[in-house]
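Visitor: Attaching a single structure in structure tokens format; questions to follow.
The values are calculated or read from the model by the stated rules, or taken from the named source; none is laboratory data. In this text the structure is predicted, and so the values were computed from the model without any measurement. Neighbour counts are summed over all protein chains in view; Cβ atoms, including those assigned to glycine, are modelled from backbone coordinates with ideal geometry. We work out accessible area using only protein heavy atoms, side chains counted, and drop any ligands, DNA or RNA first. Shrake-Rupley method; radii C 1.70, N 1.55, O 1.52, S 1.80 Å.
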Amino acid sequence: MAAGGGLSRSERKAAERVRRLREEQQRERLRQVSRILRKAAAERSAEEGRVLAESADLVTELQGRSRRREGLKRRQEEVCDDPEELRRKVRELAGAVRNAKHLVVYTGAGISTAASIPDYRGPNGVWTLLQKGRSVSAADLSEAEPTLTHMSITRLHEQKLVQHVVSQNCDGLHLRSGLPRTAISELHGNMYIEVCTSCIPNREYVRVFDVTERTALHRHHTGRTCHKCGTQLRDTIVHFGERGTLGQPLNWEAATEAASKADTILCLGSSLKVLKKYPCLWCMTKPPSRRPKLYIVNLQWTPKDDWAALKLHGKCDDVMQLLMDELGLEIPLYNRV
């Protein structure tokens with residue numbers, strides 16, 4: 001024992017060797033139990049059964065890990081309702097749309113996939129491919145046209161069946177579809193709009209090209225200047241880890257006001273993993289009887305599924321075509337001119 005009651009250097013080294021040996025033994029036991037659990041119960045030997053009985057804590061831990069992996073895998077799978085079930089659900093949705101006093105639509109990347117714009121968390125989504133180590137090709141989004149879903153939403157707004165649209169998309173397709181600026185909140189910005197924040201009110205420049213080519217997280221200057229005051233222009237994009245402060249095109253004030261009035265919310269093509277973090281959009285502080293009824297259209301699991309009055313497993317364009325037919329409304333064609 002060293003002076004002062006502490007361990008000597010040799011004792012510390014011996015204790016460290018013992019600790020590492022125990023950790024290696026635990027890892028080896030974990031690997032052994034994992035191999036045994038992968039076997040069918042009928043194929044395990046008596047010795048393997050004894051090992052499992054002596055390692056109850058490890059068995060519980062590994063089984064829990066397995067259940068979590070399977071649950072995550074199921075959540076990532078795309079599920080489609082059979083045609084008859086989907087039509088039945090759309091009839092129910094059509095009734096909700098007709099009866100709604102204040103319907104708000106929340107949209108995500110899934111409504112733009114038909115325009116060859118990738119989503120994020122689908123089987124071929126941006127995040128999914130990156131997690132698998134695969135490359136993601138850049139698309140010229142300036143050539144993309146609004147989808148059947150975009151045009152349907154615009155017609156529903158014209159018919160006063162939809163009061164407001166809250167979108168996570170930055171592709172500008174809602175505006176191209178003819179939806180008025182006042183009727184949409186683009187919470188994560190618009191890649192075709194750059195602004196001068198020195199001018200009061202902020203001066204907007206709506207472009208026919210992507211203004212974000214030189215911008216990134218915490219770097220928002222586009223390289224162009226305001227023709228009025230000469231200040232550098234900035235994009236309107238809100239990246240992960242940032243808090244959007246621009247009034248437009250984010251339009252948070254209108255989004256929160258619409259949510260507070262909503263008696264019905266229709267979510268189209270959104271995983272809701274980001275939107276769920278905005279409590280002001282869900283009015284969960286209201287008594288249950290006064291909360292808006294939630295309808296979700298998505299091929300994958302969302303964290304709001306258990307709150308939904310109805311979940312429709314289908315592609316957005318397929319569902320919206322059936323819905324517009326059920327409502328007796330014609331879907332306008334997009335005119336690029």
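Visitor: Just to be sure I understand: of the beta bridges DSSP finds with both ends in the chain, what percent are antiparallel, rounded to 5? List each step's numbers first, then the result.
Guide: Working: 9 of 29 bridges.
Of the beta bridges lying entirely in the chain, close to 30 percent run antiparallel.
Visitor: Report, in degrees rounded to the nearest 10, the 0 to 90 angle that the Cα long axis of helix 316-327 makes with the longest principal axis of the chain.
Guide: Relative to the chain, helix 316-327 is tipped by roughly 40 degrees.
Visitor: Shifting gears a bit: Can you work out the FRET efficiency for the pair residue 39 and residue 273, with r the C-beta to C-beta distance and R0 = 22 Å, to the nearest 0.05? Let's see the in-between values first.
Guide: Values: r = 36 Å, r/R0 = 1.64.
E between residue 39 and residue 273, to the nearest 0.05, is 0.05.
Visitor: Still on this structure, please answer the following. Carbon and sulfur atoms: what percent of the 1.4 Å accessible area of the range 271-315 do they account for?
Guide: Working: 1260 of 2360 Å².
It is 54 percent, rounded to a whole number.
Visitor: Loop only by DSSP, 12 or fewer other Cβ within 10 Å of the Cβ. Give me the trypsin sites (Lys or Arg not before Pro) in the range 18-76 that pass, ordered by residue number. Present the calculation step by step, with values, prior to reporting the outcome.
Guide: On the way: sites: 19, 20, 22, 27, 29, 31, 35, 38, 39, 44, 50, 65, 67, 68, 69, 73, 74, 75; in loops: 38, 39, 44.
Within the range 18-76, the qualifying trypsin sites (Lys or Arg not before Pro) (loop, at most 12 other Cβ atoms within 10 Å) are 38, 39.
Visitor: Working from Cα positions, state the angle (0 to 90°, nearest 10) between the long axis of helix 83-99 and the longest principal axis of the chain.
Guide: Approximately 60 degrees, to the nearest 10.
Visitor: Can you show me the helix-derived [θ] at 222 nm for the chain, built from DSSP H runs with n ≥ 4 at -39,500 (n - 2.57) apiece and divided by the number of residues, rounded to the nearest 500.
Guide: Working: 9 runs with 119 residues, N = 337.
Dividing the helical sum by the residues of the chain leaves -11000 deg cm²/dmol.
Visitor: Tell me the per residue accessible area of the range 219-262 using a 1.4 Å probe; a whole number in Å² is fine. Write out the running numbers ahead of the final one.
Guide: On the way: 2490 Å² over 44 residues.
For the range 219-262, the solvent-accessible area averages 57 Å² per residue.
Visitor: Any idea how far apart residue 207 and residue 225 come out in nm if each label point goes 7 Å out from Cα toward Cβ?
Guide: Taking the simple label geometry, residue 207 and residue 225 are separated by 1.7 nm.
Visitor: Starting from the range 253-337, pick out the GluC sites (Glu not before Pro) whose DSSP state is loop and whose Cβ has at most 16 other Cβ atoms within 10 Å.
Guide: On the way: sites: 253, 257, 326, 330; in loops: 330.
Sparse-neighbourhood loop GluC sites (Glu not before Pro): 330.
Visitor: Looking at the range 207-306, which trypsin sites (Lys or Arg not before Pro) are in a loop (DSSP not H, G, I, E or B) and have at most 11 other Cβ atoms within 10 Å? Don't skip to the answer; put the middle values down first.
Guide: On the way: sites: 207, 214, 219, 224, 228, 234, 243, 261, 273, 276, 277, 290, 293, 304; in loops: 207, 214, 228, 243, 273, 304.
In loop regions of the range 207-306 (DSSP not H, G, I, E or B), the sparsely surrounded trypsin sites (Lys or Arg not before Pro) are 228, 243.
Visitor: Measure nothing but the geometry: give the 0 to 90° angle between the long axis through the Cα atoms of 56-76 and the longest principal axis through the Cα atoms of the chain, rounded to 10°.
Guide: So the inclination is approximately 20 degrees.
Visitor: Once neighbouring chains are kept in place and the probe is 1.4 Å, which whole percent of the accessible area of the range 1-100 is contributed by carbon and sulfur? Please list the in-between numbers first.
Guide: Numbers: 3800 of 7670 Å².
Percent of accessible area from carbon and sulfur atoms in the range 1-100: 50.
Visitor: What FRET efficiency do you get for residue 232 and residue 66 if R0 is 45 Å and r is their Cβ-Cβ distance, rounded to the nearest 0.05?
Guide: That gives a FRET efficiency of 0.25.
Visitor: Using Cα centres only, tell me the gap between the range 87-114 and the range 66-81 in whole Å.
Guide: 24
Visitor: I want to check the label-to-label distance for residue 333 and residue 15. Put each point 7 Å from Cα in the C-beta direction and report it in nm to one decimal.
Guide: Inter-label distance under the simple model: 8.2 nm.
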